[in-house]
Amino acid sequence: MSNSIADESPEKYTTHPPPHPPPSSFSSLPDEIVLSCLARVPRSYHLSLSWVSKHLRALVRSPELNSLRSNLHKSSLHLCVEENESNVQWLTLRPTEETETTEYRLVPNPTPFPSPPKNGSSSTVVVGSKIFFIGGGYRRPSTDLWILDTRSGNMTQGPSMSVHRDGEGAAVGVIDGKIYVIGGVWFQEEEIQVEVFDPKSETWELAGVENMRMVSRCSASVEGKVYMVEYKKTSVYNPRDGEGERMVHMVRHRLWKDGSKDKFTDKVHRMCVVDDVLFAFFEGSGLMCFDTKLNVWRRLLGRDGKELFIFHADAMAECDGKLAVLYMWGESKVGDDVTMTVRCKLVSLHRSGDRICGTIDWSGVVGEVPYSFSFLHCLAVSD
């Protein structure tokens, strides 16, 4: 008698793993979850995301996304004003609590900050909750590095750079958590041009020599590169470019609404980065943003294509995901005391097609300073 089990085909009892379920579609998720994910994506990627589907395009352009981004990007805007090196004040921009509508005021820091190093206008950059003061002031080059912990209010001296650098001529930027310092060298015999500081190990490294001595202090890091805006040109330093030139100099171009392009030589006054987008205020052209794909500057306009009526900028920085523009305008006199009014405009930013548009969410007076005071530093620091 044959064994019935043994006679049966082995394929009958062969087990196969169950088929994988089909991958979930991103669009099948609830809008609340999709918006939460989009709020964590840099704004520079929003245009590419809007091409995926009509639904995703609507979410990218929705006011709900702007609101979520504002809540995620919590930061404090610190403003340093000075009359001279012996009279320096740190202020922070805060919403008021005693009014029905949201208003803003410049108030003394909750944690008192010491005065910046006596090198005057040294280069400054922020990593997390710390402010780094690099080099010296105008025609006072220095190798110094000072670090201000904004949470404790403690100022400590870090390790020195290899060469003396002038804060007026040194460009700084943060890439992958490290601080890059470019140019600002007065002494022609010095060959070291680019140094990198690692805040974790607190060490300096040499990153190479570039074909420049002095650069504009109007610099910022965007998309893993350091951008420097100078007279007639915009320079880009890419530390990851191992094959090509790490430093690229471009003639400065401006793109108009009708698609025409021309060169422009406006003097740049202020620069900052909001959500990985570079903004600058120019003497004649006003507030502009830089298109890193076309390498052109565009005027920042509203969704309706009209100007935002921002004609002055003594300081600019990111504030809770928005662009904060501060300026002194109008004076008042009480007895022998003359003060200047400090005004602020908060601009929310959003994509419209292939460009960034702005909306002035709030505008008003945020404080007063003595007439002889000027803005020294304006920085956004993570809370």
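What follows draws every value from the coordinates through simple rules; no lab data is involved. As the structure is a prediction and not an experimental result, all values here were calculated from the model. Quick reminder, even Gly has a Cβ in these numbers, built from the backbone with ideal geometry, and neighbours come from all protein chains shown.
The local environment of Ser374, defined by Cβ-Cβ distances under 10 Å, has a net charge of -3 under the rule Lys, Arg +1 and Asp, Glu -1.
Counting charges near Asn109 (Lys, Arg +1; Asp, Glu -1) among other residues having Cβ under 14 Å from its Cβ returns a value of +1.
Restricting to DSSP loop positions (anything but H, G, I, E, B) with no more than 14 other Cβ atoms inside 10 Å of their own Cβ, which GluC sites (Glu not before Pro) remain in segment 231-313? Could the numbers behind the result be given before it?
Numbers: sites: Glu243, Glu245, Glu283, Glu307; in loops: Glu243, Glu245, Glu283.
Listed in order of number, the matching sites are Glu243, Glu245, Glu283.
Taking the average, over residues, of other Cβ atoms within 10 Å as the packing measure, peptides 50-60, 293-303 rank 293-303, 50-60 from highest down.
Would you please give the FRET efficiency between Glu202 and Lys233, computed as 1/(1 + (r/R0)^6) with r the Cβ-Cβ distance and R0 = 35 Å, to the nearest 0.05?
On the way: r = 34 Å, r/R0 = 0.97.
Given R0 = 35 Å and the Cβ-Cβ separation, E is 0.55.
The GluC sites (Glu not before Pro) of segment 89-149 meeting both criteria, a DSSP state outside H, G, I, E and B (loop) and at most 10 other C-beta atoms within 10 angstrom of the site's C-beta, are Glu97, Glu98, Glu100. Over 20 Å apart at the Cα level, from the set Lys232/Lys345; Lys225/Lys263; Lys225/Lys345; Lys233/Lys267; Lys293/Lys322; Lys225/Lys257, are Lys232/Lys345; Lys225/Lys263; Lys225/Lys345; Lys293/Lys322; Lys225/Lys257. Could you state the number of Å between the C-alpha centres of segment 283-305 and segment 330-371? Computed from Cα coordinates, the inter-centre distance equals 20 Å. Listed by chain and number, the lysines whose alpha-carbon sits under 18 Å from that of Lys200, ignoring those within fewer than 8 places in the same chain, are Lys130, Lys178.
Could you sort 264-275, 195-206 so that the peptide with the highest average Cβ count within 10 Å comes first and the rest follow in order?
Numbers: 264-275: 18.3, 195-206: 14.5.
Ranking the peptides 264-275, 195-206 by packing returns 264-275, 195-206.
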